[in-house]
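*Asks:* I am attaching a structure below and will ask some questions about it afterwards.
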Amino acid sequence: MEWKLVRSLVLTKVLILVTVTSVLGQTASTTTPPAPTSTTTEEEKHEARDGSDKEFYESYYKNMPENLPMSKAKLEYNLIKTIKREIIGFDFSKDTMELTKKIDANNIKYERVSRDSKWVRGILTSMPYINNKEYMYVVRHDKYLCFMTFEANPEKYIQQARQAKLTFPPKDTFDVVVPKP
């Protein structure tokens with residue numbers, strides 16, 4: 001029993017000693033200013049000097065080429081690949097296969113949609129299994145409409161859509177009543 005008491009007293013003293021030294025170390029480090037080094041003065045001299053490297057750096061970033069055609073091509077590739085996959089998944093007939101071969105960037109219309117739109121909120125409310133993502137697009141080809149979401153920016157990365165929902169007009173449109181979002 002005595003050894004437990006001695007052990008607890010020793011642990012208490014060690015704990016107090018550690019806290020006192022850490023507090024003293026903090027106050028000592030805050031009171032003494034850091035000594036100036038020669039590297040900081042060299043950096044200040046270099047920043048103050050206007051050299052060719054600074055001029056090139058500024059010129060490069062001011063005239064940086066836009067990668068718009070490449071990002072547009074990646075986006076269209078991702079959207080076309082997804083809508084083809086959705087159409088084939090819905091109807092695997094020979095006519096559909098021929099139709100999907102003809103899908104390219106010239107005969108689709110696409111638009112990026114945001115969660116601020118009341119229509120997107122209506123879509124997400126009526127289909128709760130679709131996750132609300134930052135990158136959401138609606139793609140139209142002929143009679144097909146496809147709502148798709150991506151995990152990352154489809155303009156930067158070639159990827160499959162995280163989720164996609166394909167719709168098309170029914171044969172008899174007079175019987176369908178569209179609910180308000």
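The values are calculated or read from the model by the stated rules, or taken from the named source; none is laboratory data. All of these numbers come straight from a predicted model, not from anything done at the bench. Please note: Cβ atoms are built from the backbone with ideal geometry, for glycine as well, and neighbour counts cover all protein chains shown. All accessible areas refer to the heavy atoms of the entire protein, side chains included, with ligands and DNA or RNA removed. Shrake-Rupley method; radii C 1.70, N 1.55, O 1.52, S 1.80 Å.
*Asks:* Lys and Arg at +1, Asp and Glu at -1: add these up for the other residues within a Cβ distance under 11 Å of Tyr157 and post the number.
*Replies:* My count for the surroundings of Tyr157 gives 0.
*Asks:* Using alpha carbons only, how many angstrom separate the centre of segment 84-121 from the centre of segment 128-161?
*Replies:* 10
*Asks:* Could you tell me whether segment 75-156 comes out rounded, prolate or oblate from its Cα gyration tensor? Rule is a ≥ b ≥ c as square roots of the eigenvalues, rounded for a/c under 1.5, then prolate if a/b exceeds b/c, otherwise oblate.
*Replies:* Prolate, since a/c reaches 1.5 and a/b exceeds b/c.
*Asks:* Follow-up. Once you list every other residue whose beta carbon is under 13 Å from the beta carbon of Tyr144, what net charge do they have if Lys and Arg are +1 and Asp and Glu are -1?
*Replies:* +4
*Asks:* Rounded to the nearest 10 Å², what accessible area does Leu79 show when all protein chains are kept and the probe is 1.4 Å?
*Replies:* 0
*Asks:* Once the piece of chain linking Lys109 and Tyr157 is laid out straight, how much longer is it, given 0.36 nm per residue of separation minus the C-alpha distance between them?
*Replies:* Gain on stretching Lys109 to Tyr157: 15.3 nm.
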